[in-house]
Amino acid sequence: MTLDVVLGLQWGDEGKGKIVDVLAEKYPVIARFQGGPNAGHSLHFEGNKIVLHTVPSGVFRPNATNIIGNGVVLDPIIFKGECEAIIKMGVPVRERLVISKKAHLILPTHRIIDAAQEAAKGASKIGSTLKGITPTYVDKIGRAGLRVGDILATDFVSRYNTLKEQHIGYLRQFDFEYDPMQNEKEWLEAVEYLRSFKIVESEYMVNELLDSGKQVLAEGAQGLMLDIDFGSYPFVTSSSTACAGASIGLGVSPKRVGKVFGIFKAYCTRVGSGPFPTEIFDETGEELRSRGFEFGATTGRPRRTGWLDLVALKYAIMINGVTDLIMMKSDVLDTFDRVKVATSYIIDGKKSSQVPYDSSSEVTPVYREFPGWKRDLTGVRQEGELPEEFLSYVKFIEQETGVPIKIISIGPDRDQTIIR
Ligand code: GDP
Ligand code: IMO
Ligand code: MG
């Protein structure tokens, strides 16, 4: 069977959590492959609302096995809080979840380093979620990190102390006040809690599941425009959010990848710093924010808002090899008289259809306008009920990208989903 992949094609928060929860009905295995608690994946179903940070979004489907893959970075404190909330909902998370031994641990000092580095950057800060993501991946690549499997070793605490001391040494160069004991007790308790979960060699498990005929759905975090290689560097996260990251982050050959579901909002948002060519600064941007409730699921920060950017979308489709598009939050545009889409950029007086290398480039988007549909889409359940103006917007995106839009989302609930 194949490894199918769900990926964000913009700057994150496209609605991956909702779609994985919808698709998980048909997939016996759901696996996160990168990122960590910088992610906030929202699920709405049967009157429940929950935001997941580390646990895959298939956890509410009784028959699904959920895997936290080797490519993920895990903060035991956040993980524990999340699992306790899921257990309160009556879900036996320990039975439905396994964690890779090779996933890396976020230490309290990784979070402190993240905050110190951001503070030192001043106005040029990345706008990190301050969850310690970058310092943890730096330690992974630097071959100094601690992995989930290490918590099973008898000398774990001493290895933790060694790494913590290295971090404290590194922090001396910053003019940054912190408490080195901050969260340590809580973290060590959460490590104990983590020990009660199934900690496995997940690369063997996922390949065996595929061999035995089980379809696996990989759940991406963030989005292509935040990818460490292809995002607007340096305003990116520290992992490979692209399709190829799913192979590395789970230990599955690229040959086994099947469908690549690319998720995008019918407009754009971004949280944190960095280029955003189609950003809207007037009341239209405010209307997108309030109608879309565009506030970060992890940090609560207001998200920046703008029109759909086809230059960036086509780039993300190319890098990921997207086979099926999924358009989210279409209902947010219901009230607009006109809807705009950027089809190219003007850079240095020249027209361009490429994302520029330099994240400080002055980019002016060239827009195409569409009449708004001015109808409430949130109650629509059949494709045939969709207004003509909306369908021409959909058709235009399909024509421009050459990829079919297979799912249209018209509200946050599991049921507000039109499969075409
Ligand atoms: P993720 O990080 O990609 O999983 O996305 P987030 O959960 O961070 O952000 C998406 C937000 O949009 C959440 O609040 C969802 O509940 C909400 N949402 C998802 N799909 C739709 C939709 O089609 N319409 C509306 N109005 N909200 C949606
Ligand atoms: P999900 O999975 C939106 C952004 C941060 C910041 C940059 C780097 O919910 O879509 P980091 O903490 O990773 O060092 O922050 O990336 N960012 C996200 N933005 N959605 C996310 O995840 C994000 N994860 C990180 O705002 O600009
Ligand atoms: Mg999110």
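The values are calculated or read from the model by the stated rules, or taken from the named source; none is laboratory data. Quick caveat: nothing in here was measured; it's all calculated off a predicted structure. Methodologically, a virtual Cβ is constructed for each residue, glycine included, from the backbone with ideal geometry; neighbour enumeration extends over all protein chains shown. Calculation scope for accessible area: heavy atoms of the full protein, side chains included, ligands and nucleic acids excluded. Shrake-Rupley method; radii C 1.70, N 1.55, O 1.52, S 1.80 Å.
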| Rounded, prolate or oblate: which one fits the range 1-90, using the alpha carbon gyration tensor with axes a ≥ b ≥ c (rounded when a/c is under 1.5, else prolate when a/b beats b/c, else oblate)? | rounded
| said: Can you give me the accessible area per residue for the range 81-173, using a 1.4 Å probe, in Å²? | reply: 47
| What nm distance separates the two modelled labels at residue 347 and residue 189, each placed 7 Å from Cα along Cα→Cβ? | 5.1
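Give the percent of DSSP beta bridges with both residues in the chain that are antiparallel, rounded to the nearest 5.
On the way: 26 of 63 bridges.
Bridges in the chain that DSSP calls antiparallel: roughly 40 percent.
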| field | Excluding exposed DSSP-loop GluC sites (Glu not before Pro) (at most 10 other C-beta within 10 Å), longest clean stretch of the chain | value | 178-420
| query | FRET efficiency for residue 95 and residue 153, Cβ-Cβ distance as r, R0 = 22 Å, nearest 0.05? | reply | 0.30
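Between residue 398 and residue 45, what FRET efficiency follows from the Cβ-Cβ distance if R0 is 30 Å, with the result rounded to 0.05? Please list the in-between numbers first.
On the way: r = 28 Å, r/R0 = 0.94.
Efficiency at R0 = 30 Å is approximately 0.60.
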| request: Search the structure for amide H atoms under 5 Å from the amide H of residue 65, placed 1.01 Å from N in the peptide plane, and list their residues when 5 or more places away or on another chain. | output: 29, 30
| task | Filter the chymotrypsin sites (Phe, Trp or Tyr not before Pro) in the range 266-319 to those in DSSP coil with at most 14 other Cβ atoms within 10 Å of their Cβ, and list the result. | result | 281, 293
| note | Comparing 227, 175, 150 in a Gaussian network model of the chain (Cα, 10 Å), the one with the largest mean-square fluctuation is 175
| request: Please report the base-10 log of the normalised intensity I(q)/I(0) for the chain, using a Debye sum with one equal scatterer per alpha carbon and no solvent, at each q in 0.07, 0.10, 0.11 (1/Å). | output: -0.32, -0.67, -0.81
| task | Under a 10 Å cutoff between Cα atoms, tell me which one of 162, 401, 237 has the largest fluctuation in the Gaussian network model of the chain. | result | 162
| Just the projected area, averaged over all directions, of the convex hull on the alpha carbon atoms of the range 242-346: how many nm²? | 8.1
| Which one of 103, 85, 31 has the biggest mean-square fluctuation once the chain is modelled by GNM with Cα springs under 10 Å? | 85
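What trypsin sites (Lys or Arg not before Pro) in the range 1-79 are in a loop by DSSP, with at most 16 other Cβ atoms within 10 Å of the Cβ?
Passing both the DSSP loop test and the Cβ count: 26.
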| message | Take residue 26 and residue 196, extend 7 Å from each Cα along the Cα→Cβ direction, and tell me the distance between the two endpoints in nm. | response | 3.7
| note | Rounded to the nearest 10 degrees, the helix 184-195 long axis (Cα) sits at an angle to the longest Cα principal axis of the chain of 80
| request: Please report, in Å, the Rg and the Dmax of the range 168-237, where both are computed over Cα atoms only. | output: 19.5, 55
| request: On the protein heavy atoms, probe 1.4 angstrom, tell me the percent of accessible surface of the range 293-420 carried by carbon and sulfur. | output: 49
| message | Test of the criteria: in the range 175-213, which chymotrypsin sites (Phe, Trp or Tyr not before Pro) are in a DSSP loop and have at most 15 other Cβ atoms within 10 angstrom of their Cβ? | response | 176
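Once the Cβ-Cβ distance between residue 125 and residue 88 is put in as r, and R0 is 41 Å, what FRET efficiency do you end up with, to the nearest 0.05?
0.70
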